[in-house]
Amino acid sequence: MLSKTSAQHLAAAVALLVALCLLVLPAATDDARALTNESFVPGQIIVKLAPEVKIGDVNLRAYGLRVQERFLNQPNADIYLLKVTDGSSPQTKIDQIKVDPLIEYTELNYLSEAPEADARHSAFPAGNATPTTRKYSNDSKNPPYPDSALNLSSAQLITQGSGTTVAVLDTGAQLNHPALQARFAGVPRYDFVDDDTDPSEPPLSKNKQRLTQEVVGHGTHVAGIVHLVAPQASIMPLRVLDREGYGTTFHVAEAISYADSNEADVINLSLGTPSWSRLLREKVDEAIGDGVVVAAAAGNYDSLEPQYPASNGPPPLWVASEDDGLIAVTSVNVAEKKSDFANYGTWVDIAAPGDEILSTYPMSKYAYWSGTSMATPFVSGEAALIHSVDRSLVPADVEERIRLGARCLDQKNLPPDVPPHSLGAGHADVDASLKQVDGEHCIPPVNP
């Protein structure tokens, strides 16, 4: 049986070989090197049982399948990760089992990734610099983002997020980082990569070549941005990505469900996949239905193509919804223009700073990092602040406040470089959203 860790490593190798830059990792297996066109974990499928059905009711042996994992290891789970045992392709197994009336649905175990994976964007040291609400980006080459970009200083005079919890699903975190340790204290946590209760980030590689291929520190950096925006909010660290920044939709879905059941108020997903997953969307919808705001990164491909779960999908529904509680976040630079790397499109909800952001980093340091992964926790922190001042708000209400407080960016991002309505409601303004001030937001087309 493949362990969770083995599956993650194989998934990472597949993605690196194929979906991105065809770069072979030193740790990749021979089987992984032979794969050239996959975007899912080989030899696995996900199934959800029909109501009242038990896994023992399904003749898995006849299908050439066996149970690899139960969803959240629940004894009476209705979702399973199955191992293909007869050498058939996962798609062949899906075609066979999807007509079984005992099965509600089945799908591939797609790969998920941090947008900065595969060295598309790497952290670099910040020296003695530490972030503040007035200075949280690199100013060595360009002016930093001004305080007026997000108006964090004013916002934190209203609230600092006390009593709220933001779940960060990522590469883990440095749990004893001096700036973050108190925010992790007493909060539920889990490592879905190694299947244990310690979601600490692995140590940084001492091999320089391998270090350039890793995103260790990504989760710590993201958590630090949440802390910058909402310094009194608790942070729930959930590790779903390996040291190269790759995971699977099965484990991400498990972590979303875990965060939901452990009373997170906001879920930050600085990760995504180009493959729409019914399981992932189902768990996002369940969390939102339980009152959890979900913020997800738009991705770093400078592309109109949607990433999931940020896009509300399934294809071709690529237009953002104003009231679904799922917030797709892209990145803009200091000039409030789309970051060179950032994805965009009518499926995006909001934009936030994402160029050379200063935040926490292992071990007990700070670093600059660029990406939509960095923009997303600014919005997650904003959602936590809004929730802290009015706990009666449902996720749709929180999203509405974030969108209404935004500044439209359409006049600074014109065709042909950026099509109309491609940066959502505009640039997030935390203070305006808390004060319910209309920030002259864009009004993009929405789903009926």
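The values are calculated or read from the model by the stated rules, or taken from the named source; none is laboratory data. None of these values were measured; they are calculated from a predicted model. Every residue, glycine among them, receives a Cβ derived from its backbone with ideal geometry; neighbour counts consider all protein chains shown.
For region 157-184, how many residues meet the condition of being of a type in the set (A, V, I, L, M, F, W, C), touching a residue at least 40 places away in the same chain (Cβ under 8 Å) and farther than 21 Å from Thr249 by Cα?
5
Could you list, in sequence order, all residues of region 105-124 that are among the hydrophobic types (A, V, I, L, M, F, W, C), modelled with pLDDT under 85 and either touching a strand residue (DSSP E or B) at 6+ places or on another chain (Cβ under 8 Å) or more than 20 Å from Val215 (Cα to Cα) (or both)?
Ala117, Ala123, Phe124
The conditions are (1) in a helix (DSSP H, G or I); (2) modelled with pLDDT under 95; (3) of a type in the set (Asp, Glu), and Asp323 fails exactly one of them. Which is it?
Status for Asp323: all satisfied but (1).
Would you call Arg134 touching a Pro at 6+ places or on another chain (Cβ under 9 Å) and surrounded by 21 or more Cβ atoms within 10 Å (Cβ to Cβ)?
no
Hey, can you tell me all the residues within region 346-359 that are of a type outside the set (A, V, I, L, M), buried (at least 24 other Cβ atoms within 10 Å of the Cβ) and more than 19 Å from Glu116 (Cβ to Cβ)?
Once the filter is applied, which keeps residues that are of a type outside the set (A, V, I, L, M), buried (at least 24 other Cβ atoms within 10 Å of the Cβ) and more than 19 Å from Glu116 (Cβ to Cβ), region 346-359 yields Trp347, Asp349.
Being surrounded by 19 or more Cβ atoms within 10 Å (Cβ to Cβ), closer than 12 Å to Val332 by Cα, in the same structural domain as Ala310 (by TED's automatic domain parsing) and not aromatic (Phe, Trp, Tyr) is true for just one of Gly381, Gly405, Gly426. Which residue is that?
Only one candidate qualifies: Gly426.
Go through region 37-66 and report how many residues are at pLDDT 95 or above and more than 17 Å from Thr249 (Cα to Cα).
18
Kindly indicate whether Ser392 is surrounded by fewer than 24 Cβ atoms within 10 Å (Cβ to Cβ), assigned to a loop (DSSP other than H, G, I, E, B), modelled with pLDDT of 95 or more and in the same structural domain as Asp147 (by TED's automatic domain parsing).
For Ser392, the condition - surrounded by fewer than 24 Cβ atoms within 10 Å (Cβ to Cβ), assigned to a loop (DSSP other than H, G, I, E, B), modelled with pLDDT of 95 or more and in the same structural domain as Asp147 (by TED's automatic domain parsing) - is met.
Do you know which residues across region 405-439 are out of contact with any helix residue (DSSP H, G or I) (no Cβ under 7 Å at 6 or more places or on another chain) and assigned to a helix (DSSP H, G or I)?
Asp410, Gln411, Lys412, Ala432, Lys435
Val193 versus (1) free of Cβ contacts under 8 Å to residues at least 60 places away in the same chain; (2) under 30 Å from Asp78 (Cα atoms); (3) not charged (D, E, K, R): which is the lone unmet condition?
Of the numbered conditions (1) free of Cβ contacts under 8 Å to residues at least 60 places away in the same chain; (2) under 30 Å from Asp78 (Cα atoms); (3) not charged (D, E, K, R), the odd one out for Val193 is (1).
Of all residues in region 395-439 being farther than 22 Å from Val229 by Cα and of a type in the set (D, E, K, R), which is modelled with the lowest pLDDT?
Asp417
State which residue is nearest to Gly217 (Cα to Cα) when the search covers only region 82-122 and only residues that are crowded, with 17+ Cβ neighbours inside 10 Å and among the small types (Gly, Ala, Ser).
In this case the residue turns out to be Ser122.
Looking at this structure, is Asn312 at pLDDT below 95, crowded, with 20+ Cβ neighbours inside 10 Å, closer than 16 Å to His421 by Cβ and among the polar types (S, T, N, Q)?
yes
Scan region 142-174 residue by residue and report those that are farther than 26 Å from Pro309 by Cβ and of a type in the set (A, V, I, L, M).
Ala149, Leu152, Ala155, Leu157, Ile158
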